[in-house]
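The values are calculated or read from the model by the stated rules, or taken from the named source; none is laboratory data. These figures come from a predicted structure and were not determined experimentally. Using ideal geometry, Cβ is built from the backbone for each residue, glycine included, and neighbour counts are taken over all protein chains shown. The accessibility values were calculated without ligands, DNA or RNA, using every heavy atom of the protein model including side chains. Shrake-Rupley method; radii C 1.70, N 1.55, O 1.52, S 1.80 Å.
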Amino acid sequence: MDPGDRARQLSELYDEVLGGVRVPGVPRPLEPRPLVAESWQRSLAASVDPELDGPPLVLPSELLESMREEHPLQAVLPILRATLTTIADEASHIMIVTDAQGLILWREGAADVRRQADRIALTEGAVWSEDAIGTNGMGTALATDQPVQIHSAEHLVRRIHAWTCAAAPVHDPDTGKVIGAVDVSGPLRTVHPAMMALVTAAAQLAEGQLRVRMAAADEQLRARNMRHLIALGDAPGALLTPSGRVLAVQPLAWLPDRLDISTGASRVELGDGREAVVEQLDEGYLLRIPGPVRRSCPQLRLRLLGPDAAALVGTREIALTLRRAEVLALLLLHPAGLTAEQLMLQLYGDEGNPATVRAEMHRLRSLLGAGVLDTKPYRIIADVSGDITDVQLALRRGDLAKALELYSGPLLGRSEAPALRVERDELDATLRRAVLDAADAELLWRFAQTPTGAEDLEVFEVLDRRLPAGDHRRAAVAARLDRLAG
C-alpha cells in the first residue's frame, strides 16, 4: 500500500480506537496489529497522554556524555555507523542508538531530518521508552525484546504521526539481557520496506562484535588469573568472570555455566546441594569447591504428543508455551545439541533471527532451573525422556501395543516449525502404516480412537472388514464411515 494511503487508514483507525470517533457510512478500518494494540494498552496503563507534546525527560549534555562513555554500545558504534548512517543519510532518515531504558545516546544522519526530529525531542538525551512517550519503534522494541516497525498513526502520541521508525534490540552476549536498541527513523514520506531488515541486521552485527570482544576479554582474564586456579593443585575449583560466568574448571567437574555471585558473598550455592567458597580476585572470582565433586543430575520428562505440552522437572510440572515446547522437542530429538543458528532454521526456516532464539533459550533455562539445559551448543544435559522418543523406540522394537499406549496425538499439532512438521508427519505415517499392516483389529481400533486415526477413512474401511460380524463396535465404525465418505 502507498505510505500516504496507509497513513490515512491508520489515522482513521487511531481516531476510532482511541478517540471513539466513527464516521457514518465509512467502512470500519482494519484492527490494529496485535503488537501495536498491546503497546497502546501498556502505554495508556503508564498514563501516557496521546496529546503529549514531547518526552518528559531530556538529560543535560554533561551527564549524557558520561553515560555514553560507560555504555557497552560505545564499542560497536563504528560498525553501526558503517551499516546505517550512510544509508540513513541518503534515505532522509536518522540512525538512533538507545540504552536499555530508551535513553537516546547517539543520533546521526541527514541534517534536515535531525532538525525536524528536534521539534519532537527525538534527540540525544531524550527518553523514548514506552512509559515515557508511548508506542514507538525503539521503546516498543525494548518492551517486547524483538524487532518492530511503527508507522504513522501506530504511534500512540499524535504528534509523532508524521514519522515512521524501525528498531531492533541489542543483547549483551554475556548475560543475554537487552542493553539497548538500534533505530532508523524518518518522515512519513521516506518510509522504505527494507528498513526493518536493515536495523535487524545492524543489531545482529553489533551483537556479533560484542561476542568477539567478550571472547578476547575472556582469554585475557584467563591468562592473567589462571595461576590462581592452578595453585589449588588437585583440589576442585573454578575461575569465574565478574558476572559469574564459568571460564575454567578443575578437575573436570560439573558446574552450571553461570553462578549468581552476590556482592561481598563468601559462599555460593551450586544448584545441586553443594556449596563453594568464593574468593574475589582483581577481576572475577575464584571458587573453591569442598568435598567430592558429584553431579546431581535433574530428571526431565517431556510431554509433547497430544493437546497440552508440559515438562516435568523432578516432581515439578511446568506447562509449556508452543514456542518453548518446540525448542525442547528439537533438543530432545537432537541430543548432541544445536547452535542458535541451527535452532533458528529448524524453528523458522530462512525467516528467523538467532537473537530471538537466544532470548527464548535464556528464558527457558531460567524456567527449568539449573542443570537442565547447556549452551555452546544448546542441549539437554538433564536425564531426559519424552513421550515422542518412547513411541519411536517402541516402533523400532516392533512393540506396536506399547507405541499405541504411549501415543496420545500428533507431535505439537499446532506447530508450523519446518523441522517439527517433518517429524510429526513421519511419526504419524510410520505408526499408521504399522497398524494397517498388523492385521490386528484390536490395535487398529485403538489407533482409530486417537486424534490422528479418528479422521482416517482408510483406517475405518479396514476396521469394517476386520471386525467380527457381531462386534458391538461395527455400528460406530459404519457411522464414522458414512461421515468420512460423505
Inset, instruction - Could you state the accessible area per residue of the stretch 204-313 in Å², with a 1.4 Å probe and every protein chain left in place? - result: 53
Inset, instruction - Could you point to the residue in Thr123, Val170, Pro78 farthest towards the positive end of the chain's charge dipole, with +1 and -1 charges on the Cβ of Lys/Arg and Asp/Glu respectively? - result: Val170
Legend entry - Cα-projected label distance for Asp383 with Asp260, points at 7 Å along beta-carbon direction, nm: 2.6
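Heavy-atom accessible area per residue, the stretch 334-384, 1.4 Å probe: how many Å²? Walk me through the numbers before you get to the answer.
Working: 2340 Å² over 51 residues.
I get 46 Å² per residue for the stretch 334-384.
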Legend entry - Fraction of accessible area attributable to carbon and sulfur, the stretch 114-167 (%, probe 1.4 Å): 41
Inset, instruction - Let me know the shape class of the stretch 221-282, please: from the alpha-carbon gyration tensor, a ≥ b ≥ c as square roots of the eigenvalues, rounded when a/c is under 1.5, otherwise prolate if a/b is greater than b/c, or oblate. - result: oblate
Inset, instruction - Calculate the length of the line joining the C-alpha centroid of the stretch 325-372 to that of the stretch 128-205, in whole Å. - result: 25
Legend entry - Ratio of Rg to Rh over the stretch 302-376 (Cα coordinates, Kirkwood Rh, two decimals): 0.94
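First compute the accessible area of the stretch 28-72 with a 1.4 Å probe, then give the percent of it belonging to carbon and sulfur atoms.
Values: 1680 of 2960 Å².
C and S atoms contribute 57 percent here.
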Inset, instruction - Any chance you could list P(r) for the stretch 36-118, counting all Cα-Cα pairs in 5 angstrom bins from zero, rounded to whole %? - result: 3, 12, 17, 19, 19, 17, 11, 2
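In µm²/s, what is D for the chain at 37 °C and 0.692 mPa s, where D = kT/(6 pi eta Rh) by Stokes-Einstein and Rh is the Kirkwood radius from Cα pairs?
124
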Inset, instruction - Using the heavy atoms of the protein chains and a 1.4 angstrom probe, tell me the accessible area per residue for the stretch 59-183 in square angstrom. - result: 34
Legend entry - Heavy-atom accessible surface of the stretch 304-456: percent carbon and sulfur, 1.4 Å: 50
Inset, instruction - Return the calculated 222 nm mean residue ellipticity for the chain, to the nearest 500 deg cm²/dmol, obtained by summing -39500 (n - 2.57) across DSSP H runs with n ≥ 4 and dividing by the residue count. - result: -13000 deg cm²/dmol
Legend entry - Label-to-label distance, nm, for residues given as Glu426 and Glu341 (7 Å Cα→Cβ offset): 2.3
Inset, instruction - Could you estimate the translational diffusion coefficient of the stretch 439-486 from the Stokes-Einstein equation, with Rh from the Kirkwood formula over C-alpha pairs, at 20 °C and 1.002 mPa s, in whole µm²/s? - result: 204
Inset, instruction - For an R0 of 45 angstrom, estimate the FRET efficiency from the Cβ-Cβ distance between Ile230 and Arg316 and round to the nearest 0.05. - result: 0.70
Legend entry - Shape call, the stretch 235-376: gyration tensor on alpha carbons, a/c limit 1.5: prolate
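Can you compute the FRET efficiency between Thr375 and Glu461 using 1/(1 + (r/R0)^6), with r the Cβ-Cβ distance and R0 = 45 Å? Round to the nearest 0.05. Don't jump to the answer; show the numbers that get you there.
Values: r = 50 Å, r/R0 = 1.12.
FRET efficiency, Thr375 to Glu461: 0.35.
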Inset, instruction - Would you kindly state how much longer the chain becomes between Ala75 and Arg414 on full extension, computed as 0.36 nm times their sequence separation minus their alpha carbon distance, in nm to one decimal? - result: 117.8 nm
Inset, instruction - Please give the net charge around Ala217, taking every other residue with its beta carbon less than 12 angstrom from that of Ala217, where Lys and Arg add +1 and Asp and Glu add -1. - result: +1
Legend entry - Candidate residues Thr175, Thr98: accessible-area rank, largest first, probe 1.4 Å: Thr175, Thr98
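Which longest run of the chain has no exposed loop site in it, a site being trypsin sites (Lys or Arg not before Pro) in a DSSP loop with at most 14 other beta carbons within 10 Å, and the site itself not part of the run?
178-293
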Inset, instruction - Mean Kyte-Doolittle of at least -1.0 plus a Cα span of 27 Å or more along the axis: flag which DSSP H helices in the chain meet both, please. - result: 195-230, 418-437
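Give, rounded to the nearest 20 debye, the magnitude of the charge dipole that the chain has about its Cα centre when Lys and Arg contribute +1 at Cβ and Asp and Glu contribute -1 at Cβ.
Computed charge dipole of the chain: roughly 900 debye.
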Inset, instruction - May I ask you to list the GluC sites (Glu not before Pro) in the stretch 372-427 that are in a DSSP loop and have at most 15 other Cβ atoms within 10 Å of their Cβ? - result: Glu416
